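Please read the structure below before turning to the comments.
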Amino acid sequence: MNGIFDTAVNAFRVESIRKRLLYTFMILGIFMLGGLVPVPGIDGDKFTTLIRQWGQLGSIMDIISGGGLYHASILSMGVSPYINASIIIQLLTVVIPKLEDLSKEGESGRKKMDKITRYSAIGLALVQASLFCYSTRTALNGTLPTWLNAGVVVASFTAGAAIVVFLGEKINDKGIGNGVSMIIFAGIVTRLPDMVKTLYAKSVDVSTKIDNPVLGTIVGILVFVLVAVISVAIIVFVLYVQNAERRIPVQYSKKVIGRQQRGGNKDYIPLKVNMSGVMPVIFAMSLLAIPNIVVTLFLSNSTNKVAMWFKQSFTGSPWYYVIYFLLIIAFTFFYTAINFHPIEIANNITKNGGMINGIRSGKPTTDFIKTTAYRLNWMEAIFLVLVCIVPTIIGIISGFQNVWFAGTSVLILTGVANDLIVQVEGELEVRSPKGFLEDLTIKTGRR
């Protein structure tokens, strides 16, 4: 904890980092203020009630939106359209050669891909806003004709999604951290007081069910403390796994340049256990929301057997969690496959005269790195499933599903906060004197 505090203090001492941090906080502040602007032409209370009736779907979409969906604000859709567009574009990159070529063109190709993703996100936002308006049409209360009122609502939701994309990109350009993740992070942080209040209310409810007032008070306090301790333990576990890494030792050959001998040192390749971070979970949640939306909008009142099966399967049933489990595993391997490049790592080792102990250079090195990463993917997938699904199931069984500070929320919070700290420390390493850097390394325990 002291290391994190020291990192924050030292970051604000460096002017360039301080400006980037303050800029990030300013953008997040604008996002939070935008979440208070209501959509014109819609009854906020009725809209929130209808969204809460969606159950698991409403909860998932509220998390993805950064907590803005339940407030019927212009930013209700949050980063959901952008995430869905990112998934679609990344999937199309595998099958469309032109997109694949763009992804390999370096910085210029990345900018073009970002532009395609941005426009795709706006298109998806328009579709999603139309579905939102249709599914909550009973909440429309504007003085305009119904069709015009609906158009204003759709335009407001779509414009809000475009604003969120703009704010996220501004964080990427001039701030610190990943813009999309930071926006979700900010939305979840604002919900923490409500989660504590809900936990307190649940504890009081448990205590009132016991006839003896003194015993009931003690039981209520124990329930509150027990859930809090378990939540802290989960946070510690998540942080430990997120910082864990598999180090592949590399031996570099000696080189004689003039009269000096260079190289001959040992190093390692750090492969993080949680290589994909929280993105597989966000992707799985976004994709799983699509059939939920279809069921909620078009099959909610149907008595057809197929429709009934869909409703039961995508509203918190065992099938729902089985599909969620499989999607997390699939996206863990998919995200690593498109972002981790063992061939480039192997080539860099060879170019610098390095060699993994007991492994020949070239294809054997590539295969070894790929196999190691593949095994870590299984550990990462199991970790994500344990953190996201198990606490939810325990919460449903115990009746505390709405107060568990665990699962997806804690994974996003710890992942984003941890990445932010690592990025700030990286900035400090670049800008700090050697002595200050060594002192910082000793205090934080990071390298």
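Throughout, read-outs are computed from the coordinates displayed, never taken from laboratory work. On a predicted model such as this, the values are computed, not experimentally measured, just so you know. Cβ sites come from the backbone with ideal geometry, for glycine too, and all protein chains shown count toward neighbours.
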Completion exercise
Residues meeting the amide H criterion for residue 271 (H placed from the backbone, H to H distance under 5 Å, 5 or more places apart or on another chain) are 246, 247, 248
Completion exercise
Counting sequence-distant residues (5 or more places) and residues on other chains, those with an amide H built under 5 Å from that of residue 42 are 141
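Suppose R0 equals 51 Å; then what is the FRET efficiency for residue 36 and residue 379 from their Cβ-Cβ distance, rounded to the nearest 0.05? Walk me through the numbers on the way to the answer.
Numbers: r = 42 Å, r/R0 = 0.82.
With R0 = 51 Å, the Cβ-Cβ based efficiency is 0.75.
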Exercise for the section: Pairs to check: 112/170; 197/272; 111/174. Give those whose C-alpha atoms are more than 24 Å from each other in this structure. Expected result: 197/272
Problem - Ordering of 115-124, 413-422 by burial proxy (mean other Cβ atoms within 10 Å per residue, highest first) - result: 413-422, 115-124
Handout entry: residue 118-residue 13 FRET efficiency (beta carbon distance; Förster radius 35 Å; 0.05 resolution)
Key = 0.50
Handout entry: Inter-label distance for residue 137 and residue 192, nm, one decimal - labels placed 7 Å from Cα along Cα-to-Cβ
Key = 4.2
Handout entry: Per-residue ³J(HN,Hα) for region 157-170, Karplus 6.51 cos²θ - 1.76 cosθ + 1.60, θ = phi - 60°, Hz, x for Gly and Pro
Key = 4, 5, 4, x, 5, 5, 5, 4, 4, 4, 5, x, 5, 5
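If each residue of separation counts as 0.36 nm, what is the full-extension length gain between residue 243 and residue 347 once their alpha-carbon separation is subtracted? Before the final figure, lay out the partial values.
On the way: separation 104, 0.36 × 104 = 37.44 nm, distance 2.61 nm.
Net length gain for the segment: 34.8 nm.
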Exercise for the section: Determine ³J(HN,Hα), in whole Hz, for all residues of region 86-92 in sequence, where each value follows from phi through the Karplus function 6.51 cos²θ - 1.76 cosθ + 1.60 and θ = phi - 60°; x replaces Gly and Pro. Expected result: 4, 4, 4, 5, 5, 5, 5
Practice task
Please give the contour-minus-distance gain from residue 49 to residue 326: 0.36 nm per residue of separation, less the Cα-Cα distance, rounded to one decimal in nm.
Solution key: 96.6 nm
